[in-house]
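The next block holds one structure in the form of structure tokens; read it before the comments.
The values are calculated or read from the model by the stated rules, or taken from the named source; none is laboratory data. These numbers come from a predicted model, not from an experiment. Here Cβ is always computed from backbone atoms with ideal geometry, including for glycine, and neighbour counts include all displayed protein chains. To get the accessible areas, we keep the full protein, side chains included, count just its heavy atoms, and leave off ligands, DNA and RNA. Shrake-Rupley method; radii C 1.70, N 1.55, O 1.52, S 1.80 Å.
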Amino acid sequence: MHAPRLLGGLCLALLAHPSGSMRTSTVLHSHVGLRASTLVVSTSVAERSRSRIALTATEQSSSSTETNAPVPAAKSPALAEGYEICRKITESYAKTFYLGTKFMDPDKARAIWAVYAWCRRTDDIVDAPRGGLKYLMREIKTWSERTEKIWGGEAFDVVDLPLVDTVQKYPDMDIQPFKDMIEGMLMDLSQDRYATFEELYVYCYRVAGTVGLMTLPVMGTAPGVTHKEAVEPALSLGIALQLTNILRDVGEDARRGRIYLPQEDLEKFGVTEEQILAGRMDENYVRMMQFQIARARDYFDKSEDGISKLQESARMPVRASLDLYRKILERIEGNGYDNFRKRAYVSKLEKFLTLPSSYFKCVEAAKEAERLSTSSL
């Protein structure tokens, strides 16, 4: 890790982009989506999107000198174009998420773009439906079946190609988190209240924790660390990010008639649904928010243990995301817990000032990783 280049590049990128949103209901949920039939990057891409493209192991072996090897992007114009579309989708719709990929190895960054593009398109099916509920359920079923075919080496359009390639480059990438995310999107269609935190946890896992499981095979683990050992911290970070988004967006969600805060917590602190929907603050609400923030911080703390378990190239992006996102909780506190009328965000200057600390925490994580590697011998 080259400190001046990494810190300088990350600082410039942060200053160049506005504050990003990582909700998977914001990383993947709040923007106008890009469906296969409506994605138009160029005329040639749009035309190819209308026809079915199959990229099977047999076809790849005829295009590559290595049997069953993924087609290198440079040797496949359609695949290269697909990766570029995925990059643009990620850059346009998830600036903070995209920022982290700028400091990964190029192959890993492309793989992350491919995963994000799939998530973005999945969310779009639910977030911007083209028909009634019956049509939407049929469309989701078709998308789920189509995703399974990707794991079989088949792509429906040019934007699917990079994920086919990524799955074959990273054979440990499991389809289950992708299926779970689809289930999470379905929850938003049928559920706008959560009785317990256990219920909310399932939702947070499906729409955010899954992203950690999707990307962990790409990011890789440190020497001496197994994939299994890195899973729990990755899940905790996803839960922490989603809980933070929920706390930041209480007012916005209430205006849509949604309350993600567990009903058991509202009752415990004497806060009513009517109060949330009306945006009324009182001492009970403040105490309830303090409790929620403490819970989110606990998940951030759990996720910190996983930084040293990641490959070195993945640590800074994850560390910076963790540190910057945790500051949103500080902003909520600084706003007097008023998340009805005040937006909690981290300014560009604050981002800039946070990065050196994140970097030196990564240095400490490297020392911890070396210790773990030595102890495992």
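List of remarks:
- Listed by chain and number, the aspartates and glutamates whose alpha-carbon sits under 18 Å from that of Lys367, ignoring those within fewer than 8 places in the same chain, are Glu229, Glu304, Asp305, Glu312.
- Segment Glu183-Lys268, length gained on full extension (0.36 nm per residue, minus Cα span): 27.7 nm
- Per-residue accessible area (protein heavy atoms, 1.4 Å probe) orders Trp151, Trp143 as Trp151, Trp143, starting from the largest.
- Note on Tyr135 and Glu229: their simple-model spin labels are 5.2 nm apart, each label 7 Å out from Cα toward Cβ.
- Put simply, the convex hull of the Cα atoms in region 107-166 casts, on average, a shadow of 4.0 nm².
- Accessible surface of Lys361 - all protein chains present, 1.4 Å probe, nearest 10 Å²: 80
- Each Lys or Arg adds one and each Asp or Glu subtracts one; over the other residues with Cβ under 15 Å from the Cβ of Thr374, this totals +1.
- The shape of region 285-377 comes out oblate: with a ≥ b ≥ c from the C-alpha gyration tensor, a/c is at least 1.5 while a/b does not beat b/c.
- In this calculation the C-beta distance from Met281 to Thr374 is compared with R0 = 56 Å, giving a FRET efficiency of 0.60.
- Over 27 Å between alpha carbons, listed pairs Lys327/Lys361; Lys102/Lys351; Lys88/Lys169; Lys179/Lys348; Lys95/Lys141; Lys141/Lys342: Lys179/Lys348; Lys95/Lys141; Lys141/Lys342
- Kirkwood Rh in Å, taken over all unlike Cα pairs in region 180-308: 15.6
- Potential extension, Gln176-Phe352 segment - 0.36 nm per residue separation minus Cα distance: 59.7 nm
- Within the shell of other residues whose beta carbon sits under 12 angstrom from the beta carbon of Val271, the net charge comes to -4, with Lys and Arg scored +1 and Asp and Glu -1.
- Shown are Tyr203, Tyr359, whose ranking by accessible area with a 1.4 Å probe and every protein chain present, most to least, is Tyr359, Tyr203.
- Counted charge near Leu213, where neighbours are those whose Cβ lies closer than 12 Å (Asp, Glu -1; Lys, Arg +1): -1
- Per-residue extension of 0.36 nm, minus the Cα-Cα distance of Asp298 and Glu330, leaves a gain of 10.1 nm for this segment.
- Accessible surface ranking that places the most exposed of Lys108, Lys302 first, with a 1.4 angstrom probe: Lys302, Lys108
- Region 228-358, accessible surface, carbon-and-sulfur percent (1.4 angstrom probe): 50
- Reachable aspartates and glutamates from Lys268, criterion Cα separation under 16 angstrom, eight or more residues apart if same chain: Glu198, Asp282, Glu283
- Percent RCO, i.e. relative contact order, over region 265-377, from Cα pairs under 8 Å lying at least 6 residues apart: 25
- In this structure region 121-230 gives 41 Å² per residue of accessible area when probed at 1.4 Å with all protein chains present.
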